[in-house]
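Accompanying notes for the structure given below.
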Amino acid sequence: MEGPDGSGKTTQIELLKKYLEDKGYDIVITREPGGTAISEAIRAIILNKDYQEMSHMTELLLYASARSQLVNQVIKPALAEGKAVICDRFVESSAVYQGIGRGLGVSTVYEVNNYALGEVKPKLTIFMDLDAEEGIKRKENQTELDRMEMEDLSFHKRVVEGYRQLAQLYPERIFQVDATLPIEQIHSMIVEEVEKRFFS
Ligand code: TYD
């Protein structure tokens, strides 16, 4: 599940989880960066707003390191046990935040992340599409901003544009949903897509 801050990913993940559980699946949910003790420790470094001097490449490598640990410690074992995994952010977050937002280039991001992912590839990416301004507004009452949230509006606009470009380039693996629609309607659209891709 991908999208800018405040796009409602968590809500939709919970609804999709319930839907799949009702179908009899065991679901594992991950959140990035984080999800293992090591990945949470890396998260604390990445998002620490005191580290303004962090280079873009360091940032990319830290996200990939946190992801590598998550893939090996949580995702691979879950898949091996026949569970379904829903990820709150994955490699496309790095593609847009570091590749496009930071300007490191999407191909560099995919190259680095190939080491982190190995053969583990998402079967479907759902992109919750929301204008950057709206996402920021939705998070306005949050008291403390992390290092990424402190970035200016132009950064967050590049991120959203990046998601839109990727969704246009790769419609076969990225499903784009209008995140301003009512929660239940978004859920129905996601279910329809999941049914089409996995159960028909
Ligand atoms: P988080 O508080 O989890 O954001 P959200 O609730 O919106 O998912 O913080 C994660 C932040 O890290 C978010 O601003 C997006 C950013 N990010 C990247 O820049 N690259 C990545 O690869 C990932 C996974 C997240």
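Worth a mention:
- Label-point separation, residue 195 to residue 172 (7 Å along Cα→Cβ), nm: 2.5 nm
- Measuring between their Cα centroids, the stretch 1-73 and the stretch 168-195 lie 20 Å from each other.
- Rounded to the nearest 500, the 222 nm mean residue ellipticity of the chain from helices alone is -15500 deg cm²/dmol, with -39,500 (n - 2.57) taken per DSSP H run of at least 4 residues.
- Computed FRET value (nearest 0.05) for residue 25 with residue 110, which takes r as the C-beta separation and R₀ as 35 Å: 0.75
- The residue among 73, 120, 110 whose Cα reaches farthest toward the positive pole of the charge dipole of the stretch 62-141, with charges on the beta-carbon of Lys, Arg, Asp and Glu, is 73.
- Taking amide H as placed 1.01 Å from N in the peptide plane, the amide H of residue 28 sits under 5 Å from that of 84, 85, 86, each at least 5 places away or on another chain.
- Counting every other Cβ atom within 10 Å of each residue's Cβ, 137, 76 order from fewest to most as 137, 76.
- Prolate/oblate/rounded label for the stretch 105-200 (Cα gyration tensor, a/c 1.5): oblate
- Straight-line reach from residue 23: taking Cα to Cα under 16 Å and skipping same-chain neighbours fewer than 8 places apart, the lysines in range are 83, 196.
- Net charge of neighbours whose Cβ lies under 10 Å from the Cβ of residue 123, counting Lys and Arg as +1 and Asp and Glu as -1: +3
- Computed from the Cα positions only, the extents of the stretch 35-189 along the three principal axes stand at 42, 40, 30 Å, in decreasing order.
- Theoretical gain in end-to-end length, residue 180 to residue 81 [0.36 nm per residue, Cα-Cα removed]: 32.0 nm
Bear in mind these aren't lab numbers, they're just calculated from the coordinates by the rules spelled out. All of these numbers come straight from a predicted model, not from anything done at the bench. Neighbour counts are summed over all protein chains in view; Cβ atoms, including those assigned to glycine, are modelled from backbone coordinates with ideal geometry.
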